[in-house]
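One structure is given here, and the rest of the page talks about it.
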Amino acid sequence: MSDMYDNFQKYFEIVEANTNELLEIVYRLRYQVFCVEHDFLDASLYPDKLEKDNYDNHSSHILLRFRSSGDFIGSVRLILFDPLQPEKLFPVELYTQLDPTLCNIKALPRQHIAEISRSVVVKQFDRRRGERRESRAEVTDGSIAERNRRASDRRSTPHLSLMLMAAVMRMSIKHNIRYWISAKDPALNRLLGYNGLSFNPIGPPVNYHGIRRPYYADVDDVLTRMYKEHHDAWEVVTDCGKYSPVHVNQ
């Protein structure tokens, strides 16, 4: 097993939010990040300081806990197909501009699609903002030695976005999800690409809680690529193959 996987297991724990008490922690974290730290949402609309919407009832939620303190430091949800409202659109279909020539979501079996949504990390643990700035700089400049050093750092210490994708993977296996969609920061997609987790853009950037772009990924394709090219990250995301629908030849 890799140092990246060992460090993940040593310092962090993935917890399914499957009780009312844990769900309240999810909603409080989302309020803290979206309404207080980033001001994406109007805090006055949530007097109970719980950020919820009408997708939460047919979503799967997971928390990320820092083992040494016991604090919950992040969460993510997977919006699932709603059998009670089979025609209900995913948020990415409502709030972004999808190009059906890049991916025709309507042609996919909706019960096997899930949208990765409400991915949050509390401010004091959020390394992603600095890493996104680095990823932008590396597109235009940066020595080979410096880029190699950063790549080495990433291999030994997984960033929190990768850990949240490990949470997403667990939920995906549980609910038989084969396709992921998401509206996310393009810089975050590039950052995840360092570990083979970049998604395919399926529309232009839009202003949706900041600049976001719609993305799509076939779960099997992503995991196969990660296994072959980014095995240490694959170990983190799949818990060394425990959460993986893909049979890959050794």
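The modelled label-to-label distance between V15 and Q124, using points 7 Å beyond Cα along the C-beta direction, is 1.6 nm.
Listed by Cβ neighbour count within 10 Å, with the fewest neighbours leading, Y208, Y5 appear as Y208, Y5. Put in order of Cβ neighbour count within 10 Å, fewest first, the listed residues L41, L191, L160 become L41, L160, L191. Note on L102 and N176: their simple-model spin labels are 3.0 nm apart, each label 7 Å out from Cα toward Cβ. Compactness of region 152-227, taken as the C-alpha radius of gyration over 2.2 N^0.38 Å, stands at 1.12. With the simple spin-label model, which puts each label point 7 Å out from Cα in the Cβ direction, the H38 to V206 separation comes to 1.7 nm. Quick check on region 3-238: of the DSSP beta bridges with both residues there, what percent are antiparallel, nearest 5%? Close to 90 percent. The charge dipole of region 3-238, taken about its Cα centre with unit charges on the Cβ of Lys, Arg, Asp and Glu (plus for the first two, minus for the last two), comes to roughly 320 debye.
Based on C-alpha pairs under 8 angstrom that are at least 6 apart in sequence, region 3-238 has a relative contact order of 23 percent. Expressed to the nearest 5 percent, the antiparallel share of DSSP beta bridges inside region 43-125 is 100 percent.
How long is the gain from S69 to D6 if the chain were fully straight, where each residue apart is worth 0.36 nm and the alpha carbon distance is subtracted?
Numbers: separation 63, 0.36 × 63 = 22.68 nm, distance 1.83 nm.
Value of the extension gain: 20.8 nm.
Taking a 22 Å limit on the Cα-Cα distance, which of the listed pairs K10/K242; K123/K228; K106/K242; K123/K184 fall beyond it? The pairs that break the limit, which is 22 Å between Cα atoms, are K123/K228; K106/K242. Each residue in S2, S68 was given a count of other beta-carbon atoms within 10 angstrom of its own, and listing them fewest first yields S68, S2. The P(r) of region 3-238 has a tail past 30 Å containing 22 percent of all C-alpha pairs. Size of region 69-110 from its Cα atoms: along the principal axes, largest to smallest, the extents are 47, 26, 17 Å.
Every number in this text was worked out from the coordinates using simple rules, so none of it is lab data. These figures come from a predicted structure and were not determined experimentally. Here the Cβ is made from the backbone with ideal geometry for all residues, glycine too, and neighbour counts use every protein chain on show.
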